[in-house]
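Beneath this line is the structure, given in C-alpha cells, with notes to follow.
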Amino acid sequence: MTIGTPLPKNQNGVIPAAYVGVTGERFRVRVPVQEIKLKRLEGVIDPTEHSFNNWHGASWFLATQAKMAPANGCYDKFRFSATWANGFEYCGRFDLVREIVWPSIENHIQGTLRWMLDAGAHLVKADDQRTAKFMLEALDLGQAEPSPAPQNWAVIRDYQERSAQLGEPSISDVVYGLAAAA
C-alpha cells in the first residue's frame, strides 16, 4: 500500500486503514475531527461562534471561558458541534463550570456514548446504540486507547519497522487527505 493511493470508504465514510503498533498489534486509523464549533449561550454572551480544528484548541478555549462561569457549582451553557472528515456530525450542549480546570468536549461526548451503551442502555434505542458504538470505535474523540482493526484492513504504517518522525503528520490526517503524505 502506497501512501497517497486513495482507499475506498465504507458505508459509514470510514476508510479501512490500520497501523501496526510497536507490540505488533493492528489498530484502526480513526476518522480525524475536522471542526469543533462552540457558542456560549449563557453568562458573558459572545455572539461569535468559535471554531477549532482539534480537541486541544476547543478545550483550551473552554478553560479560558471557565473563569467567567458562575461560582458555587452553577454553570453556563455552550452549544457545540463536532464534524469529522467523513462528514459525520455530532451536536450537543456542554455545561461549563468554573471549578473544572480543563473542560473537555471530547470527554463529555465519550461519557455520553459510554452511558448509552452501559448504564443507560435500557433507555436508548438500538439504532442509537449502534451509532454510539461506531463513534467510539471509528471516530477520533481524543481517546487514549486504540481500537483493534480487522486483519483485512490495509496497513498504512508499521511502527515495528520505524518510529514516527518529528513533525510528521498523523496517519489519520494523511489517510483522510487532511495533510500531505509523509
Region 1-48, residues that are at pLDDT below 75, of a type outside the set (A, V, I, L, M, F, W, C) and more than 26 Å from Ser81 (Cα to Cα): Thr2, Gly4, Thr5, Pro6, Pro8
Residue identified as of a type in the set (Asp, Glu), part of a loop (DSSP other than H, G, I, E, B) and under 21 Å from the mean Cα position of the chain (by Cα) among Glu99, Glu106, Glu168, Glu137: Glu168
Among (1) more than 16 Å from Ala58 (Cα to Cα); (2) modelled with pLDDT under 85; (3) in the same structural domain as Lys37 (by TED's automatic domain parsing); (4) exposed (fewer than 13 other Cβ atoms within 10 Å of the Cβ), the one test that Gly87 misses: (2)
Hey, Leu62 in a strand (DSSP E or B), among the aliphatic types (A, V, I, L, M) and farther than 30 Å from Asp158 by Cα or not: no
Identity of the residue in region 90-122, among the aromatic types (Phe, Trp, Tyr) and in contact with a Phe, Trp or Tyr (Cβ under 9 Å, 6 or more places away or on another chain), that ends up surrounded by the fewest Cβ atoms within 10 Å (Cβ to Cβ): Trp102
Single residue of Asp128, Asp76 found to be of a type outside the set (A, V, I, L, M) and touching an Asp or Glu at 6+ places or on another chain (Cβ under 9 Å): Asp76
Selection status of Glu145, within 14 Å of the chain's Cα centre (by Cα) and either free of Cβ contacts under 8 Å to residues at least 12 places away in the same chain or more than 22 Å from Phe52 (Cβ to Cβ) (or both): yes
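This table checks each residue for (1) part of a loop (DSSP other than H, G, I, E, B); (2) free of Cβ contacts under 8 Å to residues at least 12 places away in the same chain; (3) touching a strand residue (DSSP E or B) at 6+ places or on another chain (Cβ under 9 Å).
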{"position": "Asn10", "(1), (2), (3)": "yes, yes, no"}
{"position": "Val14", "(1), (2), (3)": "yes, no, yes"}
{"position": "Tyr19", "(1), (2), (3)": "no, no, yes"}
{"position": "Gln34", "(1), (2), (3)": "no, no, yes"}
{"position": "Lys37", "(1), (2), (3)": "no, no, yes"}
{"position": "Thr48", "(1), (2), (3)": "yes, yes, yes"}
{"position": "Ala69", "(1), (2), (3)": "yes, no, yes"}
{"position": "Thr83", "(1), (2), (3)": "no, no, yes"}
{"position": "Arg93", "(1), (2), (3)": "no, no, yes"}
Scope region 67-98; condition more than 15 Å from Leu41 (Cβ to Cβ) and out of contact with any Gly (no Cβ under 7 Å at 6 or more places or on another chain); matching residues: Lys67, Ala71, Asn72, Gly73, Ala82, Thr83, Trp84, Ala85, Glu89, Tyr90, Arg98
Residue identified as modelled with pLDDT under 90, in contact with a helix residue (DSSP H, G or I) (Cβ under 9 Å, 6 or more places away or on another chain), not β-branched (Val, Ile, Thr) and not assigned by TED's automatic domain parsing to the domain that holds Asn10 among Ala144, Ala121, Ala181, Ala132: Ala121
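The values are calculated or read from the model by the stated rules, or taken from the named source; none is laboratory data. Since we're looking at a predicted model, the values are computed, not measured. Cβ atoms come from the backbone with ideal geometry, glycine included; neighbour counts cover every protein chain shown.
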